[in-house]
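Novice: Mind looking over this structure? Questions follow.
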Amino acid sequence: MRLAFLLLLLINIALWPFASGMLTLGNDGAEPLRLTSQIDPERIRIVPVGGGAAAPVVAIAPVVASEPASDAEVTPAAVCRVLTGFTREQADPFVARAREAYPAVQVTESEQPGSPSWWVHIPDLATRQLADRKQAELRALGVREMALMPDADGQKFAISLGLFKTETAAKELMSSLNGQGVRSARIAMREGKAGRLRVELRGSDTELTALLAEPQATVEGVEAADCP
């Protein structure tokens, strides 16, 4: 028994150099195992056979993420404003000032169509006597605001009860008159007269704000709004 134990011990001692990689039998793959067990294996330089110079160590620069490209400059969007209600005497100085001081602003001048109005009235009465009698009836019903309107020939007379810029306002008066007992009133739309001018402006918001603050743009009767 002791002899067998001693034989096994001797065999293990004899095989230990091969098992640990200290000795090899040909190219059995043990060399990589022995290299990986060394400290700082990356510092090992391989010297070519024949005593040539060692291969240079190439340093790998760290990869730096490139910064995203900056956004391209965005051209300010053009805005559109329109000024209405100019007379010719008011429009000419304003347009001249706009084209002289703000050449980048596009200026378009055009005639402004007349705005319609809605007329609440009692239709034409054949004689002045009939018109006076109708006015007396209206006062008796509580109507206080009215005006006698003769036609161009002075032969017929209408009684005006109100002139409005919107049909809604005219209908509100009609509803009130009906509540007072007035049944002969009518609404008629009247076309407005042209003669005013509108000026349309297109450009940057900064330039239009400055232009609309000019004295020529703040005259009485002129209104500014966004383009429709």
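The values are calculated or read from the model by the stated rules, or taken from the named source; none is laboratory data. Here the structure is a predicted model, which means the values were calculated and not measured. When we count neighbours, we look across all protein chains shown, and the Cβ atoms used for this are built from the backbone with ideal geometry, even at glycine.
Novice: Residue under question is Glu172, and the condition is that it be modelled with pLDDT of 95 or more and at negative phi; does it hold?
Specialist: Yes.
Novice: Considering only the stretch 184-228, state which residues are over 26 Å from Ala170 (Cβ atoms) and exposed (fewer than 10 other Cβ atoms within 10 Å of the Cβ).
Specialist: Ala213, Pro215, Glu220, Asp226 - these are the residues of the stretch 184-228 that are over 26 Å from Ala170 (Cβ atoms) and exposed (fewer than 10 other Cβ atoms within 10 Å of the Cβ).
Novice: Let me spell it out: the conditions are (1) over 30 Å from Thr87 (Cα atoms); (2) in a loop (DSSP other than H, G, I, E, B), and Ala136 meets all of them except one. Which number is the exception?
Specialist: (2)
Novice: Considering the stretch 165-209 alone, what residues qualify as being over 28 Å from Thr87 (Cα atoms) and either in a loop (DSSP other than H, G, I, E, B) or among the charged types (D, E, K, R) (or both)?
Specialist: Lys171, Glu172, Gly181, Val182, Arg183, Ser184, Ala185, Arg186
Novice: Take the residues of the stretch 100-140 that are surrounded by 12 or more Cβ atoms within 10 Å (Cβ to Cβ) and farther than 26 Å from Ala152 by Cα: which is modelled with the lowest pLDDT?
Specialist: Gln112
Novice: Separate question: Look at Thr87 and say whether it is surrounded by 13 or more Cβ atoms within 10 Å (Cβ to Cβ), at negative phi and over 30 Å from the mean Cα position of the chain (by Cα).
Specialist: Here the answer is yes, as Thr87 does meet what is asked.
Novice: Using the structure shown, decide if Pro93 is under 30 Å from Leu211 (Cα atoms), touching a helix residue (DSSP H, G or I) at 6+ places or on another chain (Cβ under 7 Å) and not hydrophobic (A, V, I, L, M, F, W, C).
Specialist: For Pro93, the condition - under 30 Å from Leu211 (Cα atoms), touching a helix residue (DSSP H, G or I) at 6+ places or on another chain (Cβ under 7 Å) and not hydrophobic (A, V, I, L, M, F, W, C) - is met.
Novice: Right, here's the next one. Just to be sure I understand the filter: pairs with C-beta atoms under 7 Å, separated by 6 or more residues or on different chains, first member in the stretch 164-192 and closer than 17 Å to Met146 by Cβ, second member of a type in the set (Ser, Thr, Tyr). Which pairs pass?
Specialist: If the second residue must be of a type in the set (Ser, Thr, Tyr), the pairs left are Phe164/Ser117.
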